[in-house]
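The values are calculated or read from the model by the stated rules, or taken from the named source; none is laboratory data. Nothing here was measured: the structure is a model prediction, and the numbers come from that model. Neighbour counts run over all protein chains shown; Cβ positions are idealised from the backbone, glycine included. Surface accessibility is based on the protein's heavy atoms, side chains included, excluding ligands, DNA and RNA. Shrake-Rupley method; radii C 1.70, N 1.55, O 1.52, S 1.80 Å.
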Amino acid sequence: MTTHDPVPPWLSDEAAMVPEYDHFAGVDELAAGLRSIADDHPDLARVERVGTSRQGEPLLCLIIEEDRPDAAEALVFGLPHPNEPIGGLTALHLARRLTEDAELRDRLNHRWRIIACIDPDGLRLNQGWLKGPFTREHYARHFYRPAGHDQVEWTYPLNYRDAYFDAAIPETQALMRLIDQHRPDLICSLHNSELGGVYYYLSRPEPALHPILQAVPERLGLVLDRGEPEAPHIVRFDDGIYRAGSIRSAYDRRIAGGGSWPNTSGDSTASYAARYGSLILISELPYWTDPSAADATETATGYDDALAAQAAGLAELAELMNDGVSSTADALIAGDAPLWRAARSFTRTVTRSAADAEQRVADPANRRPATAAEAGSLAANVHQFRLRFAGILRRALAGELAVGNVRRSVRLAHDRISARYEEWLAEDRAALPYELIEFRRLVATQYTATVAAAAHLADRLS
């Protein structure tokens, strides 16, 4: 008996065309790549500036338009989180393939707007690890992710019950203008995760597309992630496919649980574009493998016990970060710098996450065996938060020392956090048997998912 292969031959051929990469592209390389593609195809493509970043960088968009009266509109953007540079490479490859191949453009039948980097300021703060070495330690030491209220993906307007946000950052405003002007049928936000398997978000179920999204990673030697979703309120459509929607569901869950809403960030791209019926695809891919990510086998560990271990780990991290932030609050020279804004924001995030995990331990529904994927992702979440967020705080404190702030509270906080951070790095090396994934396979997965979504909307998948 033969099993039907959901991936059509043309899509397999597209995946095979993705080249090798030995590093991730920075801001200048991505901008030069877009301009080079436009210069090579002046009758088909052009680069336009669609906005300006908070620190003055141009936001560049490659536009591919032909005389296609029935064509749909597509908006693709990379680096919505600046520690996620796979999407920059994917955006360049997509732009290159579309300009080079008229048959592919005919099949997909879209007008394209492609932004390789929507957060250039943040990407520059990740510059230290983009060329390797690609170890988790080197990545963590140079990691930067903006505070929630500084993130492109999460500063859209929000007015829901007592949740209110109207401080959309310039990068988000640039996307809002494009969405309002062109009303895209397809929006692809090119994200990536860190460890585990591949998973996706869609703004609505698309059953004909699901098997392809699920099969593509495995065809490229990756696994579909069947572990914990990123947050308890997230709705699962299918294995490895979740709903991309409004932050309102997170609000409802928090209020129902007796909590309050922090009003520190806004709504999402998916929520904003819902007014136009856009299909949103978010592709999440890891840098490193986790053998347990696709393992649905029940373990001897209780799910509630795994949650309790996660809660304890996050509580320790929250205590350390709260102490570091509060003990230095009145002693800073550069207290409004991006690293400090992120450190304060993620201190609040970790504190809430620890409380949420503790609350879930008491839920009787969680007294069951954990699968290997669930146990692995809960443990990995603690490692990830430690290395990411304590690392940002450590960088912020080191920055204070670097500009001459030698106040005692700053020195002590830096030394205290640095010492624990080194221990966490050692624990991470010992606990997680990770392997770096070939960049070509990551770009190929994200690129193939993007063109598959466009072909699906054009009813030309087969």
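This table checks each residue for (1) buried (at least 18 other Cβ atoms within 10 Å of the Cβ); (2) in contact (Cβ under 8 Å) with a residue 40 or more places away in the chain; (3) of a type in the set (Lys, Arg).
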position: Ala95; (1), (2), (3): yes, yes, no
position: Ala102; (1), (2), (3): no, no, no
position: Ile115; (1), (2), (3): yes, yes, no
position: Gln127; (1), (2), (3): no, yes, no
position: Phe143; (1), (2), (3): yes, yes, no
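Scan region 303-347 for residues that are aliphatic (A, V, I, L, M) and without any contact (Cβ under 8 Å) to a residue 24 or more places away in the chain and the total you get is 2. Quick check, is Ser377 under 26 Å from Leu432 (Cα atoms), part of a helix (DSSP H, G or I), of a type in the set (Ser, Thr, Tyr) and open to solvent by less than 40 Å² (accessible area, probe 1.4 Å)? In short, yes. Please go through region 385-419 and pick out each residue that is surrounded by 15 or more Cβ atoms within 10 Å (Cβ to Cβ), assigned to a helix (DSSP H, G or I) and of a type in the set (D, E, K, R). Within region 385-419, Arg386, Arg388, Arg394, Arg395, Glu400, Arg411, Arg416 meet the criteria. Candidates are the residues of region 17-58 that are outside any helix (DSSP H, G or I) and of a type in the set (S, T, N, Q); the one that is surrounded by the fewest Cβ atoms within 10 Å (Cβ to Cβ) is Gln55. The criterion of being more than 28 Å from Gln359 (Cβ to Cβ), open to solvent by less than 30 Å² (accessible area, probe 1.4 Å) and out of contact with any Ser or Thr (no Cβ under 6 Å at 6 or more places or on another chain) does not hold for Ile187.
Taken over region 1-45, the residue count meeting the criterion of being closer than 24 Å to Ile63 by Cβ, of a type in the set (A, V, I, L, M, F, W, C) and in contact with a helix residue (DSSP H, G or I) (Cβ under 9 Å, 6 or more places away or on another chain) is 11. The lone criterion from (1) of a type outside the set (Asp, Glu); (2) open to solvent by 10 Å² or more (accessible area, probe 1.4 Å); (3) in a strand (DSSP E or B) left unmet by Arg107 is number (3). Restricting attention to region 270-299, the residues being modelled with pLDDT of 95 or more, open to solvent by 40 Å² or more (accessible area, probe 1.4 Å) and among the small types (Gly, Ala, Ser) number 2. When every residue of region 326-345 is checked against the conditions, at least one turns out to be buried (at least 19 other Cβ atoms within 10 Å of the Cβ), in contact with a Lys or Arg (Cβ under 7 Å, 6 or more places away or on another chain) and modelled with pLDDT of 95 or more. Working only within region 1-16, note down all residues that are surrounded by fewer than 15 Cβ atoms within 10 Å (Cβ to Cβ), modelled with pLDDT of 95 or more and charged (D, E, K, R). Passing the criteria: only Asp13. For region 347-363, the count of residues that are crowded, with 23+ Cβ neighbours inside 10 Å, modelled with pLDDT under 95 and among the hydrophobic types (A, V, I, L, M, F, W, C) is nonzero. In region 426-442 there is at least one residue that is open to solvent by less than 20 Å² (accessible area, probe 1.4 Å) and farther than 30 Å from Ala250 by Cα.
Total residues in region 240-269 satisfying the condition of being open to solvent by less than 50 Å² (accessible area, probe 1.4 Å) and acidic (Asp, Glu): the figure is 1. The residues on offer are Leu195, Leu158, Leu202, Leu213, and the sole one that is over 18 Å from the mean Cα position of the chain (by Cα), buried (at least 20 other Cβ atoms within 10 Å of the Cβ) and more than 21 Å from Thr52 (Cα to Cα) is Leu158.
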